[in-house]
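The values are calculated or read from the model by the stated rules, or taken from the named source; none is laboratory data. Source: prediction; values computed, not measured. Backbone-built Cβ (ideal geometry, glycine too); neighbour counts: all protein chains shown. In case anyone asks, the SASA skips ligands and DNA or RNA and just uses the protein heavy atoms, side chains included. Shrake-Rupley method; radii C 1.70, N 1.55, O 1.52, S 1.80 Å.
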Amino acid sequence: MGKYLTNLIFFDTETDRDSKKILDTGAVAYDINRNETSFHGADNSQITEFINFVKKNSKDKYFLCGHNIINHDIKMLKDEPTAKTFFKENDNIFYIDTLNLSILLFDKKTHRLGKDYEQMKGENNNPTLDAKKSKELFDLALSEFNKFDEKTQNIYRQLLQNTEEFSGFF
């Protein structure tokens, strides 16, 4: 996992479709020994604590990873008054979207994040569990990418490294 070991924060937000407000935020980070630290904020007032979690668990650069974060979670966070400053003042934030990686690297019809826990009675969306699922998908995507020979990897890198969807990965 190289550069990602201590810099990658996996996260997810749950939002209200009508008000467009963040209702719930979850995140996980791993240290160099793969020890897990997690965060769970049960309402949008926890955004500052989420940003502090990101800062605490990152070095020099912020790698934010999750499923469909570019088209959903990041946009929602940037609209939150308590997060706007963080995103405006940091040019060292990189995004890794496991939805886009899944589409790029896996030959399957659906690229939904598998949420086994939702099948349990009374269990709603859980952003912390979804963040962990994103990590599992990221690990699979990284493994799949590493199966390519160096020439193929370089072609992907050259084509995609300057795109919003893939710059964090490459």
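Some notes on this structure:
- Residue count, the range 63-84 (criterion: aliphatic (A, V, I, L, M) and within 8 Å of the chain's Cα centre (by Cα)): 2
- Ala131 part of a helix (DSSP H, G or I) and out of contact with any strand residue (DSSP E or B) (no Cβ under 8 Å at 6 or more places or on another chain): no
- Tabulated pairs, the range 87-101, first among the acidic types (Asp, Glu), second in a strand (DSSP E or B), C-beta under 8 angstrom, 6+ apart or interchain: Asp97/Cys65; Asp97/Gly66
- Test: Asp149 is more than 18 Å from Asn71 (Cα to Cα), open to solvent by 60 Å² or more (accessible area, probe 1.4 Å) and acidic (Asp, Glu): yes
- Entirely in the range 1-104, the strands (runs of 3 or more DSSP E) that have 2 or more residues that are loosely packed, with under 14 Cβ neighbours inside 10 Å: 36-41
- Qualifying positions in the range 34-45 - modelled with pLDDT of 90 or more and over 18 Å from Lys135 (Cβ atoms): Gly41
- Given (1) open to solvent by 30 Å² or more (accessible area, probe 1.4 Å); (2) modelled with pLDDT under 90, number of the condition Thr163 does not satisfy: (2)
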